[in-house]
1. Of these, 259, 268, which one is under 18 Å from residue 32 (Cα atoms), in a helix (DSSP H, G or I) and at pLDDT 75 or above?
2. Within segment 367-401, track down each residue that is farther than 18 Å from residue 55 by Cα, part of a helix (DSSP H, G or I) and touching a residue at least 40 places away in the same chain (Cβ under 8 Å).
3. For segment 68-176, give me every one of the helices (runs of 4 or more DSSP H) that falls completely inside it and has 3 or more residues that are in contact (Cβ under 8 Å) with a residue 60 or more places away in the chain and within 22 Å of the chain's Cα centre (by Cα).
4. Taking the stated definitions as given, is residue 380 more than 25 Å from the chain's Cα centre (by Cα) and either modelled with pLDDT of 80 or more or surrounded by 16 or more Cβ atoms within 10 Å (Cβ to Cβ) (or both)?
5. Condition check: within 23 Å of residue 375 (Cα to Cα) and either modelled with pLDDT under 55 or under 24 Å from the mean Cα position of the chain (by Cα) (or both). Does residue 214 satisfy that?
6. Of the residues in segment 297-338, how many are modelled with pLDDT of 85 or more and either closer than 22 Å to residue 353 by Cβ or not in a helix (DSSP H, G or I) (or both)?
């Protein structure tokens, strides 16, 4: 796995993503810190935060993939990181001026619109930095160091946001300091990407409305052209089994993700009185699990069938959801979160590797944007559904039913795959 770092450009890419993802998690913990200032409506505000994060993908996801496939992906990443740096500064400024959470959500929406373009370009560029045989190891390494950055981001973020001495020392709240550090990380990542050299395939001659400077003309003139490109990508998915499996696995991911976002965070932060620091510590336990899972996939992942490995991990996550409401001690909570994180890494790595192996370079951006579009669209619906259910159903029951449903669906998928191989 580590041999892939011998490539200078891939090493720069990995380092920039480590810095950028550290900032991402710091940003998220800081947003939770702001929401904690409104204890009476925390669950509702968390649901609205999820909507602000996912709405850009739901609205612009398919278009983003078409555009990224036609733009210079390195420039897309640099511009997006630079603008995300500006957004990180604007969030605390807007909140301090207005003392209202909704201007913050507006900036978050724009920030995650940039993240949509950035992630689409980032995911599709990896096969251009390593050989085809090294894609699984490269994805594992990117996930491994990214999870390490996640661990540091959520752990340090929780400590920074809850540290009361900031105001006495420099006159700023902890969440403001976190956003400033976040801005620095995005600027650093943009500078590193600028130093990276990469050779990309030349896309077909672009229509004027699909050039970067003609985005607004795209809406007016080019929707038919975009739909044609998107339709071509959608038609490829059912024809290639690996692509179909990768996209189908998103449905299983949603079950666990929505329960964790909507129920676990307010439970830890308020019901258990652990505060934002407690959220950060438990998230750090999950990040360590992500780290270990990514490392093991990079070392021994090639020995297993990726699809079966992903389904086994879904069963582990389902078991964790069933156990969660019955836990008492903090170490038990941390252990279950660690196992869930450990299981998530092979799922993400497997999805990305299946897409990298099956999709051509000139449609790869569309595939990743379609994946993100499905993922975030279902997260928004799932978060609203679970938020609605909490008004009528006990949280413990939601945990148990969600966990059992996830495990059963994964077992069915496993049996279907086994039947297909036998046939």
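1. Values: 268 fails: at pLDDT 75 or above.
Only one candidate passes the filter, namely 259.
2. So in segment 367-401, the residues farther than 18 Å from residue 55 by Cα come out as 367, 388-401.
Narrowing further to those that are part of a helix (DSSP H, G or I): 367, 388-389, 395-401.
Within segment 367-401, 367, 395, 396, 398, 399, 400 meet the criteria.
3. Working: elements: 73-98, 101-125, 135-162, 165-170.
Because the criterion is at least 3 residues that are in contact (Cβ under 8 Å) with a residue 60 or more places away in the chain and within 22 Å of the chain's Cα centre (by Cα), the helices (runs of 4 or more DSSP H) in segment 68-176 that meet it are 73-98, 101-125, 135-162.
4. Details: more than 25 Å from the chain's Cα centre (by Cα): no; either modelled with pLDDT of 80 or more or surrounded by 16 or more Cβ atoms within 10 Å (Cβ to Cβ) (or both): yes.
No, not satisfied.
5. On the way: within 23 Å of residue 375 (Cα to Cα): no; either modelled with pLDDT under 55 or under 24 Å from the mean Cα position of the chain (by Cα) (or both): yes.
Against the criterion (within 23 Å of residue 375 (Cα to Cα) and either modelled with pLDDT under 55 or under 24 Å from the mean Cα position of the chain (by Cα) (or both)), residue 214 does not qualify.
6. 11
The values are calculated or read from the model by the stated rules, or taken from the named source; none is laboratory data. Predicted, not measured: the structure shown is a model, and the values here were computed from it. No Cβ is skipped: glycine too gets one built from the backbone with ideal geometry, and neighbour counts run over all protein chains shown.
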